[in-house]
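The values are calculated or read from the model by the stated rules, or taken from the named source; none is laboratory data. Small disclaimer: the values here were computed from a predicted structure and weren't measured. Positions of Cβ are backbone-derived with ideal geometry, glycine not excepted, and every protein chain shown enters the neighbour counts.
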Amino acid sequence: METQSQTVLDRRPPDSVRSGGIVVIKFGGTSLETTDRIRTAAQRVAGLRSAGFRPVVVVSARGDTTDKLLRQVHAVTGASADGTSHRELDRALATGEILSAALLASALNARGVPAESVGAAEAVLLAEGPFGGASLRELRPGRVAVLLETDTVPVVTGFQGIREDGELVTLGRGTSDLTAVFLASALRATECHIVTDVDGIYDADPRIAKLALRFDRLSFDDLVTLTSSGAEVVHRDAAEHAAANRVPVRVYRYDASLTVAEGTWVGPEAKR
């Protein structure tokens, strides 16, 4: 287990990582809200790659894009959710992540880092269940594997999957975290990074509670307990999947240092 002073950006990678270890890094909506933040995200991914890792990126829709898309869909159906086809709603909402992936891939390519946006059907992120509330079930050989083999960064759309019947389905609000942890587990990644608008996991919401305390380290069980009791930094389903599959998670703010470990690290039996 690594110490809090270590990070995938400032440590010398172990042999397994030098040979091409994978790090999944998920950028939340606030992390991609502006052009400057997209460029900062690209710089962070480029830093991981330069440190000897193979980054796999997962993105959320930018800012309040999902809410705007919801309003647009409801506007054309008379502002009534009952008048909205769940299939078409999912397709409309999925465009938020598709745009984020294309923008970040473009920023990476502009920096000289080969990258390509990847949709759920291309990935192939197999899901099952209803529109608006599906569950990820399997990562099948697809575009992610092809890109990793050619040293190209996959930028994957979070929040969505593809069913066996070919339908695009979304997984519920806030589930790009789950997409990232799911990919990290399936790809046997070294770590899964969650880049968000707070600088780690707290015992209360730091945006509301001024005296909230940040954890440097947490165990998987601690993370599940915190998310089950209302902590919103990491999605509850993502926390449970990380715990069940022993996926180390690092949570930090989008403007965190590129060279010094910050935020909260979650792993097996980590002490606070």
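For this structure, a couple of remarks:
- Taking the criterion of being small (Gly, Ala, Ser) and over 17 Å from residue 188 (Cα atoms), the residues of the stretch 141-170 that qualify are 158, 161, 166.
- Answer from 198, 234, 181, 247 - the residue that is in a helix (DSSP H, G or I) and either touching a His at 6+ places or on another chain (Cβ under 7 Å) or hydrophobic (A, V, I, L, M, F, W, C) (or both): 181
- Only one of the listed residues (219, 228) is touching a strand residue (DSSP E or B) at 6+ places or on another chain (Cβ under 8 Å) and either more than 22 Å from residue 27 (Cβ to Cβ) or among the aliphatic types (A, V, I, L, M) (or both). That residue is 219.
- Among residues of the stretch 186-239, those that are among the charged types (D, E, K, R) and closer than 24 Å to residue 32 by Cα, counted: 9
- Filter result (of a type in the set (A, V, I, L, M), modelled with pLDDT of 95 or more and closer than 28 Å to residue 169 by Cα) within the stretch 30-87: 32, 38, 41, 42, 45, 56, 57, 58, 59, 61, 69
- Failed condition for residue 199, given (1) more than 23 Å from residue 262 (Cα to Cα); (2) of a type outside the set (Ser, Thr, Tyr); (3) in contact with a strand residue (DSSP E or B) (Cβ under 9 Å, 6 or more places away or on another chain): (1)
- Any hit, the stretch 246-259, residues being within 30 Å of residue 141 (Cα to Cα), surrounded by 14 or more Cβ atoms within 10 Å (Cβ to Cβ), at pLDDT 95 or above and more than 14 Å from the chain's Cα centre (by Cα): no
- Residue in the stretch 63-78 that is surrounded by 15 or more Cβ atoms within 10 Å (Cβ to Cβ), not in a helix (DSSP H, G or I) and not polar (S, T, N, Q) present: yes
- Condition check for residue 52 on (1) touching a residue at least 60 places away in the same chain (Cβ under 8 Å); (2) under 17 Å from residue 115 (Cα atoms): one failure, at (1).
- Within the stretch 220-231, the set of residues being part of a loop (DSSP other than H, G, I, E, B) and surrounded by fewer than 17 Cβ atoms within 10 Å (Cβ to Cβ) comprises 229, 230.
- All positions within the stretch 204-219 that are in a loop (DSSP other than H, G, I, E, B) and surrounded by 16 or more Cβ atoms within 10 Å (Cβ to Cβ): 206
- Those residues of the stretch 146-160 which are assigned to a loop (DSSP other than H, G, I, E, B) and either touching a residue at least 40 places away in the same chain (Cβ under 8 Å) or under 20 Å from residue 247 (Cα atoms) (or both), in sequence order: 151, 158, 159
- Members of the stretch 148-169 found to be buried (at least 24 other Cβ atoms within 10 Å of the Cβ) and either closer than 24 Å to residue 106 by Cα or modelled with pLDDT under 95 (or both), listed by number: 153, 154, 155, 156, 157, 158, 159, 160, 161
Quick grid of which residues meet (1) assigned to a helix (DSSP H, G or I); (2) closer than 22 Å to residue 238 by Cα:
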| residue | (1), (2) |
| --- | --- |
| 107 | yes, no |
| 112 | no, no |
| 121 | yes, yes |
| 131 | no, yes |
| 138 | no, yes |
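- Matching entry among 234, 181 (being free of Cβ contacts under 8 Å to residues at least 60 places away in the same chain, surrounded by 15 or more Cβ atoms within 10 Å (Cβ to Cβ) and under 22 Å from residue 41 (Cα atoms)): 234
- When we screen 62, 143, 163, 71 for residues that are on the phi < 0 side of the Ramachandran plot, touching a Leu at 6+ places or on another chain (Cβ under 6 Å), without any contact (Cβ under 8 Å) to a residue 60 or more places away in the chain and of a type in the set (D, E, K, R), the only hit is 62.
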